[in-house]
Structure formats: C-alpha cells, structure tokens
Amino acid sequence: MHHAYLYTGSLSLLPALAQDAREQFGFVGDHNPDVQVRSFEKFGIEEARELKTAASMRSSSGRALYIVGVSQITTEAQQGLLKLFEEPQEGVVFVVLAPHGSIITTLRSRMLDRKSVV
C-alpha cells in the first residue's frame, strides 16, 4: 500500500471518493475517528500547516486516513506538503482530490496518480 493517492475531478465527487477510500483501505464506519475528510474551496499555506499538524499526531490504532478535496490549491501550500508526502508516518494514508493540472510536478511525484474520478 502506498501512502498518498491523487485523484483528479470536481470537489462535488468527494463524498463518493471518501466512501470508496474508507472501503479500499479498511476503515470501517462513517464515524471512524481515524478518518478525516476535509473539503476546501481554496487550500493555502495555513491549511497545509493544519494538515501537517493533524497528520503528525498518532492515532490510538496507529493508522489514519486523510481524504482531502480541493477546488484550488496554491503553489505555496503544495510546497509546504512536500516533506509530509515524502516522509509520511507509518500507517498514514492520504487521498487527494484536485482539479486536473492543479498539482505541481514535485508533489505529484510523491503520490500515486489514480484514474480521474467521473
């Protein structure tokens, strides 16, 4: 299992993607405390810092799933996520939904590029 996956598509597809990710990675239940689904119209450096802080905390199960959907993401925020996606904590998985072409090459290289969400 890889630690980060990139899906391209509209933010409106986040609920379906979140349900699929829960099942795919074995996180049972809609209210599992180890799963965080976050939606952002604009994801900037402050949001990147908050995600890094949240992902650095260890869950009681030792596993965590972060599903993040964005309509826009700044280059500064993406650069701020590079180290997090390069050296993730064991047991932490990120699923990112972003518009086609919005993710910079260096960040994209740290994620498995998944098929576009329809």
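The values are calculated or read from the model by the stated rules, or taken from the named source; none is laboratory data. All figures in this text were calculated on a predicted structure; none of them were measured in a lab. Using ideal geometry, Cβ is built from the backbone for each residue, glycine included, and neighbour counts are taken over all protein chains shown. Just so you know, the surface numbers come from the protein's heavy atoms only, side chains and all, with ligands and any DNA or RNA stripped out. Shrake-Rupley method; radii C 1.70, N 1.55, O 1.52, S 1.80 Å.
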(message) I'd like to check something: does region 93-103 contain any residue that is closer than 18 Å to His3 by Cβ, of a type outside the set (Val, Ile, Thr) and open to solvent by 20 Å² or more (accessible area, probe 1.4 Å)?
(response) no
(message) If a residue must be among the β-branched types (Val, Ile, Thr) and either at positive phi or in contact with a Phe, Trp or Tyr (Cβ under 6 Å, 6 or more places away or on another chain) (or both), how many such residues does region 89-118 contain?
(response) 3
(message) Residues to consider are Asp30, Asp34; find the one that is touching a strand residue (DSSP E or B) at 6+ places or on another chain (Cβ under 7 Å) and either modelled with pLDDT under 95 or among the aliphatic types (A, V, I, L, M) (or both).
(response) Asp34
(message) Tell me yes or no: at least one residue of region 21-36 is open to solvent by 40 Å² or more (accessible area, probe 1.4 Å), among the basic types (Lys, Arg) and assigned to a helix (DSSP H, G or I).
(response) no
(message) What's the total number of residues in region 37-58 that are open to solvent by 30 Å² or more (accessible area, probe 1.4 Å) and either farther than 14 Å from Ala98 by Cβ or free of Cβ contacts under 8 Å to residues at least 12 places away in the same chain (or both)?
(response) 10
(request) Filter region 50-81 down to the residues that are closer than 22 Å to Thr105 by Cβ and of a type in the set (D, E, K, R), then identify the one that is nearest to the chain's Cα centre (by Cα). (result) Lys52
